[in-house]
Amino acid sequence: MDITPDIKKRLEMLRDKYAAIGQDLNSYLDGLIYANPIVYWDYIEVDALLSLQKPKTDFPDEKIFIVYHQITELYFSLIEHEIHQICHNGKVISDGGQDLGWNETLSSDFLLSRLKRCNLYFDTLIRSFDVMRHGMEKEQFTKFRMSLLSSSGFQTAAYRRIEIAATDLKHLVHEEDRERLWNDNIHEQLDNIYWRRGAIVADTGEKTLTLKDFEEKYLESFHNFADDYQPINIWKKFCGLPKEERDNKLLLKELKQLDVNVNINWPLVHFRTAVHYLAKGTGKEKGTGGTNWQKYLPPKFQRRIFYPELWSEQEKKDWGRKWVESVLN
Ligand code: HEM
């Protein structure tokens, strides 16, 4: 094979790339000579991935429960990956594939395309949630669930970070205290975030072990995360765009869709599943360790809204009811 001008150009690009970091191109070319081609199973870490399901019981359906939670965690991590880029204005990558840092300002095109991705991931999760509802035998679930106490999907840290990076914390304060803490500092608001009143013992109002464990493991990291992300959250990024770009209908639609996906659609499919397995008719049955889940999980009770400025008074009043969704379509 001849050394064509095209190959020469690539070699020059490589030389410049390594020179920029004080490295010698020849050594890296030697590395290429000795390296094996990449194979799918190593790159994707298939063996490691498939070794991560460790059921605690012999019920076959427990594997489905674990895998679907893991799938959800992976999608959440993709959503966080997009949000991270939105909040930092998007990466600049050179023709040679090098990371040149973050853009100085956020472009509305970038925001739009990344919000679309976040919504695509949420839509996928919402559509697939029936794997949890129809994909396991109730008899098996209700038994193996008892071996998993006091763990709960409630302890999903990614969901909490997505919320903190999506909006101003005042919108996530428990509804009873929202007005009182509206202008308070973010740490006071975080200490009164809605979910700290979820997973409490329905009868006594005490925190469950589920909540205590979760707070012990993550609360401090959420405060640090809030310090980093509150000044650059998605809403602040949107507000920083020029007026004519903020009026872009497509952008507004994606922002509203994110609001509905995180605060209504996903919570609704999840709640429907919780009802399917945990409620038997009287409404008084214990869920996971007797928590207040029936009062806590329905979106129309929590009334979390990321972007109230984008909704009419009537839409906010009816938050969590079916028509909000149909308005978007
Ligand atoms: C059979 C399937 C499921 C049932 C019966 C169920 C049940 C529950 C219940 C009862 C709660 C309230 C807290 C508690 O009492 O523990 C809860 C919270 C939660 N679960 Fe699930 N869950 C299921 C699947 C999932 C999956 C697949 C995920 C994905 C990671 C998930 C994530 C969450 C989250 C994020 C919360 C907190 C919601 C909030 O704060 O509004 N759950 N779940």
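The values are calculated or read from the model by the stated rules, or taken from the named source; none is laboratory data. Source: prediction; values computed, not measured. As a convention, Cβ positions derive from the backbone with ideal geometry for all residues, glycine included, and neighbour counts pool all protein chains shown.
Which one of Glu220, Glu188, Glu245 is farther than 23 Å from Glu309 by Cβ, surrounded by fewer than 18 Cβ atoms within 10 Å (Cβ to Cβ) and at pLDDT 95 or above?
The unique qualifying residue is Glu220.
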Restricting the first residue to the stretch 179-197 and requiring it to be in a loop (DSSP other than H, G, I, E, B), which pairs with a second residue that is more than 16 Å from the ligand (Cβ to nearest atom) and among the basic types (Lys, Arg) meet a Cβ separation below 8 Å and a spacing of at least six or different chains? Leu181/Lys170; Trp182/Lys170; Asn183/Lys170; Asp184/Lys170
Working only within the stretch 198-230, note down all residues that are part of a helix (DSSP H, G or I) and of a type in the set (S, T, N, Q). Thr210, Ser221, Asn224, Gln230
Among Tyr194, Tyr229, which is crowded, with 16+ Cβ neighbours inside 10 Å, more than 22 Å from Trp293 (Cβ to Cβ) and either at pLDDT below 95 or not aliphatic (A, V, I, L, M) (or both)? Tyr229
Of the residues in the stretch 61-86 that are in a helix (DSSP H, G or I) and over 14 Å from the mean Cα position of the chain (by Cα), the one that is farthest from the ligand (Cβ to nearest atom) is Lys63
